[in-house]
1. Provide H132, H101, H76 in ascending order of the number of other Cβ atoms located within 10 Å of each residue's Cβ, fewest first.
2. From the C-alpha gyration tensor of segment 3-178, pull out the three semi-axes of the equivalent ellipsoid (sqrt of 5λ each), sorted largest to smallest, in whole Å.
3. Between A158 and A134, 0.36 nm times their residue separation minus their Cα-Cα distance comes to what?
4. What is the calculated FRET efficiency for E71 to T116, with r their C-beta to C-beta distance and R₀ = 30 Å, to the nearest 0.05?
5. In nanometres, what is the gap between the two model label sites at D105 and Q175, each 7 Å from Cα along Cα-to-Cβ?
6. For segment 23-122, what percent of Cα pairs sit more than 17 Å apart?
7. Using the 10 angstrom Cβ neighbour count as an exposure proxy, how do D67, D94 rank, fewest first?
8. Suppose R0 equals 30 Å; then what is the FRET efficiency for H81 and E24 from their Cβ-Cβ distance, rounded to the nearest 0.05?
Amino acid sequence: MGAKERHHVLLGVSGGIAAYKACEVVRRLRGAGAQVRVVLTANAARFVTPLTFQALSGQPVRDGLWDAEAELGMGHLELAHWADAILIAPASADTLARLAHGFADDLLSTLCLASTAPLAVAPAMNQRMWLHPATQANIATLRSRGVAILGPANGPLAEGESGPGRMLEPQQLVQALLAPDGAHVA
Ligand SMILES: Cc1cc2nc3c(=O)[nH]c(=O)nc-3n(C[C@H](O)[C@H](O)[C@H](O)COP(=O)(O)O)c2cc1C
C-alpha cells in the first residue's frame, strides 16, 4: 500500500510491555503519510495512556466498547469501515488467542471481526509464551486466514531473557505495512 494514497491505518494496541513502542509506530505511520486511529485494549491502557496516543495520532482514542457517546452512531462499525488496514502492535498472546478463536468481547476484537481490511499482527511476548503450542497453533490459524504475522524478532526481552518474542522495531512494522507489494516480514 502506498502512503501517498493517505491510508487509514487502525492501530490496535494490546497489553504488553512493548506497548510503549506503539507510540513510535503512530509517529512513523503519520510520518509516512497515513492517518492513524488507535484502539487500546483495556489492559494496554494500563501500560500507556489513551491520552498519549491521542496526542500522537491527533485523533480520539478508544479503549473500550461501552462508550455511549462514541457508540451513538455505532462507532465500532464506523471504525471498522474506516480502516484500510489494521495493525495490532504489540499483539499479546491473549489477543492472538482471542482473534484466532473469533472472540468479540472487547472493542479491538469486535472491530477485527467487523472489518474486511487486511489484518497484520506484531506479536510480542516472553519466548516461552511465543513457543507454547497454544500460541503457535493460534498463529497458524491466523496465518491460514491470511493474517500477516510481522515478527517476532529474536533478541533481548524485557524480563532479561533472550529469544524469540521481541516485537519488530516500529520502522520495520511501518515498512512492512506500507510496502507497495504488501511484502511482509515473516
Ligand atoms: C508487567 C506485565 C507485562 C506483560 N507483558 C506481556 C507481553 O509482553 N506479552 C504478552 O503477551 N502478555 C504480557 N503480559 C500479560 C498480558 O497483559 C495479559 O495476558 C493480558 O490479559 C493481555 O490482555 P489484552 O490482550 O486484552 O491486552 C504482561 C503482563 C504484565 C503484568
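1. On the way: H132 14, H101 10, H76 20.
The order, fewest Cβ neighbours first, is H101, H132, H76.
2. Numbers: eigenvalues 111, 64, 49 Å².
The answer is 24, 18, 16 Å, longest axis first.
3. Values: separation 24, 0.36 × 24 = 8.64 nm, distance 2.17 nm.
Extra length available between A158 and A134 comes to 6.5 nm.
4. On the way: r = 21 Å, r/R0 = 0.69.
About 0.90, to the nearest 0.05.
5. 3.8
6. Details: 2479 of 4950 pairs.
Across segment 23-122, Cα pairs with separations above 17 Å total 50 percent.
7. Numbers: D67 14, D94 17.
By the 10 Å Cβ count, ascending: D67, D94.
8. Details: r = 27 Å, r/R0 = 0.90.
Result of the calculation: an efficiency of 0.65.
Read the figures in this text as sums done on the coordinates, not as results from a lab. Quantities reported herein were computed from a predicted structural model and do not represent experimental measurements. Here Cβ is always computed from backbone atoms with ideal geometry, including for glycine, and neighbour counts include all displayed protein chains.
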